[in-house]
Amino acid sequence: MTSTTPQDAGAPQDRRERRRSATRERLLTAALELFAAQGYAATTYEHIAERADVGRQTAFNHFRRKEDFVTAWVRGRHEQLDRQDEADASTAGKTAVEALADELRALAELNERDYALAKELHDGGVLHTAFGHGTTTPPAIGSAVTRGQRRGEIRRDLDAATLADMIFDGYVTALSRWLRSDGAFPLAETLLARLTVLATGFTTPAGRNATA
């Protein structure tokens, strides 16, 4: 009689989960490519399923609403930031503000790379909807702020979550203006300039003449 180890028993489930994840990723890639190429509104579940080589019901089982494709795309970006922040946390000599700058720079690069998609989703109002469906401030931003407070680099009397929200809100606003202007200004430079103002403050030291 052959015994079954826990590892053997779990293998079929692991394979099913890997196949499920691969199918979901294939569907997401197909949807995003179609959104960029032919427009979000013009893309149907049938189009996505055909491009991913699966049935329509399979597509629907993985993504119940078409907006869920966009939400997954945004969350995937935030997961990239999380991985980057984990590396930054172990990097000696990198301050919290430098880590935040790197995260904003990474977001700018992602939008530049996927410009056609980001533009289509923004102009159709879908990107704004995705931000409202659970894709809140990336944990990586809050983590960097908290790390800075722990090290004494950022004021500890301020709420870390509020600071993180302010940084992310600044990103969202700048991104919207950049997409509305058809990329007329450098996104990364704008984001970094906003971070600098937020980090240093915009008032002069008390008692000092600003024109002195």
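The values are calculated or read from the model by the stated rules, or taken from the named source; none is laboratory data. The shown structure was predicted, so the numbers you read here are calculated from the model rather than taken from an experiment. Virtual Cβ from ideal backbone geometry, glycine too; neighbours counted across all protein chains shown. Accessible surface is based on the protein model in full, side chains and every heavy atom, while ligands, DNA and RNA are left aside. Shrake-Rupley method; radii C 1.70, N 1.55, O 1.52, S 1.80 Å.
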**OP:** Please give the net charge around residue 118, taking every other residue with its beta carbon less than 11 angstrom from that of residue 118, where Lys and Arg add +1 and Asp and Glu add -1.
**Re:** -1
Subject >> Proximal charge balance of residue 62 [Cβ under 9 Å; K/R count +1, D/E count -1] >> reply: +2
**OP:** Pairs of Cα atoms under 8 Å, at least six residues apart: use those to get the relative contact order of the chain, whole percent.
**Re:** 19 percent
Subject >> At R0 = 22 Å, FRET efficiency that the Cβ-Cβ distance of residue 114 and residue 166 yields, to 0.05 >> reply: 0.30
**OP:** Label segment 84-188 by shape, choosing from rounded, prolate and oblate, from the square roots a ≥ b ≥ c of the eigenvalues of the Cα gyration tensor; if a/c is under 1.5 it is rounded, and otherwise prolate applies when a/b is larger than b/c, oblate when it is not.
**Re:** prolate
**OP:** Place a +1 charge on the Cβ of each Lys and Arg in the chain and a -1 charge on the Cβ of each Asp and Glu, then give the dipole magnitude about the Cα centre in debye, rounded to the nearest 20.
**Re:** 260 debye
**OP:** Let me know the shape class of segment 1-134, please: from the alpha-carbon gyration tensor, a ≥ b ≥ c as square roots of the eigenvalues, rounded when a/c is under 1.5, otherwise prolate if a/b is greater than b/c, or oblate.
**Re:** oblate
Subject >> Under the Karplus curve 6.51 cos²θ - 1.76 cosθ + 1.60, θ = phi - 60°, whole-Hz ³J(HN,Hα) for segment 166-175, x wherever Gly or Pro sits >> reply: 5, 5, 5, 4, x, 5, 4, 5, 5, 4
Original post:
Along the Cα-to-C-beta direction of residue 22, a point sits 7 Å from the Cα; which residues of segment 40-65 have their amide N less than 20 Å from that point?
Top reply: 49-63
Subject >> Label-point separation, residue 158 to residue 61 (7 Å along Cα→Cβ), nm >> reply: 4.9 nm
Original post:
At a 1.4 Å probe, what is the % contribution of carbon and sulfur to the accessible area of segment 19-112?
Top reply: 47 percent
Subject >> For segment 66-130, convex hull of alpha carbons as volume per residue, Å³ >> reply: 81 Å³
**OP:** Tell me what the chain gives for mean residue ellipticity at 222 nm when only DSSP H runs of n ≥ 4 count, each as -39,500 (n - 2.57), the sum divided by the residue total, rounded to 500 deg cm²/dmol.
**Re:** -23500 deg cm²/dmol
Original post:
Roughly how many Å² is the accessible area per residue of segment 79-169, as a whole number, for a 1.4 Å probe?
Top reply: 50 Å²
Original post:
Tally Lys and Arg at +1 and Asp and Glu at -1 over the other residues with C-beta under 13 Å from the C-beta of residue 151: what net charge comes out?
Top reply: +2
Original post:
Relative contact order for segment 12-68 using alpha-carbon pairs under 8 Å, separation at least 6, rounded to a whole percent?
Top reply: 28 percent
